[in-house]
Amino acid sequence: MTEASLITGELQKLIGTTLDTVVFKVEEGAIQRYAQAIGDPNPLYNEPDYASKTKYRRLLAPPGFTGWPVKAQRLSERLLKLLLKAGAPSKLLDGGVEFEFFEPIGAGDILTATTKFDGITERQTRLGKTLFITLETTFVKQQGKLALKSRSTFILF
């Protein structure tokens, strides 16, 4: 007898659905605090006078900066509730994030971040049957230009 799949019909229905849209302004102070928190001394992230003399004319956001505004909206907490309701296992691990950069993001940009349920796979691991949930978040700048895509993986067992 084969063991039943952890991927329920309700979980499959989530694929492709939009989970959240957040609009936020990238602020100079937030960029500086993030750069300091990760220990990155790059003057393009920390020194407004220096950055104003570059081709960008403003502070730029370090890679990874865009994750905190979306996470501040408690997306992972809402995601877990949604997954549990759809029959997923209750133990959750962060499986990491990948970034794909298209445009620089800097102070003054207004970003629209849209997160969708991108995919689900099941694998046998040392933890037993395990689900790998992928979310894709697109960050679009105020001019309508795609700035960044991030793909986050959550592991449920």
Selection status of residue 96, assigned to a strand (DSSP E or B), open to solvent by 20 Å² or more (accessible area, probe 1.4 Å) and closer than 27 Å to residue 44 by Cα: yes
Selected residue (criterion: surrounded by the most Cβ atoms within 10 Å (Cβ to Cβ)) from residues of the range 58-80 that are at pLDDT 95 or above and in a loop (DSSP other than H, G, I, E, B): 59
Matching residues in the range 26-64 - criterion: being of a type in the set (Ser, Thr, Tyr) and either closer than 19 Å to residue 111 by Cα or in contact with an Asp or Glu (Cβ under 8 Å, 6 or more places away or on another chain) (or both): 34, 45, 56
Residues (assigned to a helix (DSSP H, G or I) and under 20 Å from the mean Cα position of the chain (by Cα)) located in the range 33-55: 33, 34, 35, 37
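If I filter the range 126-148 down to residues being among the charged types (D, E, K, R) and surrounded by 15 or more Cβ atoms within 10 Å (Cβ to Cβ), which single residue comes out as farthest from the chain's Cα centre (by Cα)?
Within the range 126-148, the match that is farthest from the chain's Cα centre (by Cα) is 129.
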Some residue of the range 115-125 being of a type in the set (Lys, Arg) and either open to solvent by less than 50 Å² (accessible area, probe 1.4 Å) or in a strand (DSSP E or B) (or both): yes
Hits in the range 5-27 - residues which are open to solvent by 80 Å² or more (accessible area, probe 1.4 Å), touching a strand residue (DSSP E or B) at 6+ places or on another chain (Cβ under 9 Å) and not basic (Lys, Arg): 12, 18, 23
Residue ID - nearest to residue 137 (Cα to Cα), chosen from residues in the range 29-57 that are touching a Gly at 6+ places or on another chain (Cβ under 8 Å) and open to solvent by 60 Å² or more (accessible area, probe 1.4 Å): 38
Pairs with Cβ under 7 Å, 6+ apart, first in the range 87-99 and of a type in the set (Lys, Arg), second open to solvent by less than 80 Å² (accessible area, probe 1.4 Å): 91/156; 91/157
Search result, residues across the range 126-146 that are more than 18 Å from residue 93 (Cα to Cα), part of a strand (DSSP E or B) and modelled with pLDDT of 95 or more: 138, 139, 140, 141, 146
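The values are calculated or read from the model by the stated rules, or taken from the named source; none is laboratory data. It should be emphasised that the depicted structure is a prediction, and the values quoted were computed from it without experimental measurement. Note: ideal-geometry Cβ built from the backbone for every residue, glycine included; neighbour counts use all protein chains shown. For the accessible areas, the whole protein counts, side chains as well, though only heavy atoms, and no ligand, DNA or RNA atoms are used. Shrake-Rupley method; radii C 1.70, N 1.55, O 1.52, S 1.80 Å.
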